[in-house]
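Working notes, beginning with the structure itself.
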Ligand code: ATP
Ligand code: MG
């Protein structure tokens, strides 16, 4: 990761299997709305809630993420979760990034509505919420009106650190992309062309031939 001198940093965690325009639109919207100096994309190593065998090898997810963000000078990528070699929890991601960033940098963890609504199931949610501010971006199909209920006892204390951000609705998910590929359908315009080319060339997701 290039050295970051900036004051406010957005952190976009995800499995990115594969990365798609929903991730990129959310990250760019957060950067602009909160005047963030950069966004660090952090591909998950071994995600706790996903079966390891069903996740594409880390090197492919890392390279697809890199290809997707390359054209945006504000976007960076970090290997902290990939290099950990054990299951990835956000509390570890934030602890490791904190060590790499300038001490006075403000960290904003960016999540989609679906992810923030599950925060109580994360490891040490209270600590996670005190380590970074949160930008919860809207996502089609997931209502953030349930947020206070989802946060339960933590809502009162942490509501000021969770910022809801309306972003252009993008009804794309990696699950849907994987399904389309398995069915031999097109994913053109759902992912950047560079990512599509990589998927084709590497024959990921069972792709045979040009898609
Ligand atoms: P999967 O279907 O495999 O879970 P996904 O599309 O949800 O994939 P993730 O890598 O799980 O992608 O998501 C990383 C982060 O990006 C999460 O916080 C998620 O909520 C957010 N996100 C993903 N897609 C969108 C979208 N279309 N709009 C807004 N946020 C999104
Ligand atoms: Mg997801």
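The values are calculated or read from the model by the stated rules, or taken from the named source; none is laboratory data. Quick caveat, the model's predicted, so the values are computed rather than measured. A quick note on method: Cβ atoms are made from the backbone with ideal geometry, for glycine too, and the neighbour counts reach across all protein chains shown.
Annotation: of all residues in the range 101-125 being more than 16 Å from ligand 2 (Cβ to nearest atom) and within 21 Å of residue 46 (Cα to Cα), the one that is modelled with the lowest pLDDT is 120.
On the given criteria, is residue 166 in contact with a helix residue (DSSP H, G or I) (Cβ under 9 Å, 6 or more places away or on another chain), loosely packed, with under 12 Cβ neighbours inside 10 Å and at pLDDT 95 or above?
In short, yes.
Per-residue answers, yes or no, for (1) assigned to a helix (DSSP H, G or I); (2) under 23 Å from residue 134 (Cβ atoms); (3) more than 16 Å from ligand 2 (Cβ to nearest atom):
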| site | (1), (2), (3) |
| --- | --- |
| 12 | no, yes, no |
| 19 | no, yes, no |
| 26 | yes, yes, no |
| 59 | yes, no, yes |
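In the range 45-56, of all residues being away from ligand 1 (no atom under 11 Å from the Cβ) and either modelled with pLDDT of 95 or more or not in a loop (DSSP other than H, G, I, E, B) (or both), the one that is farthest from residue 14 (Cα to Cα) corresponds to 53. For residue 151, the criteria (1) in contact with a strand residue (DSSP E or B) (Cβ under 7 Å, 6 or more places away or on another chain); (2) crowded, with 18+ Cβ neighbours inside 10 Å; (3) farther than 19 Å from residue 15 by Cα hold in every case but one, which is (1). Report yes if some residue within the range 116-127 is buried (at least 17 other Cβ atoms within 10 Å of the Cβ), under 19 Å from residue 30 (Cα atoms) and touching a residue at least 60 places away in the same chain (Cβ under 8 Å); otherwise report no. No, the conditions are met nowhere in the range 116-127.
Restricting the range 181-196 to residues that are touching a helix residue (DSSP H, G or I) at 6+ places or on another chain (Cβ under 9 Å) and surrounded by 14 or more Cβ atoms within 10 Å (Cβ to Cβ), the residue that is farthest from residue 21 (Cα to Cα) is 181.
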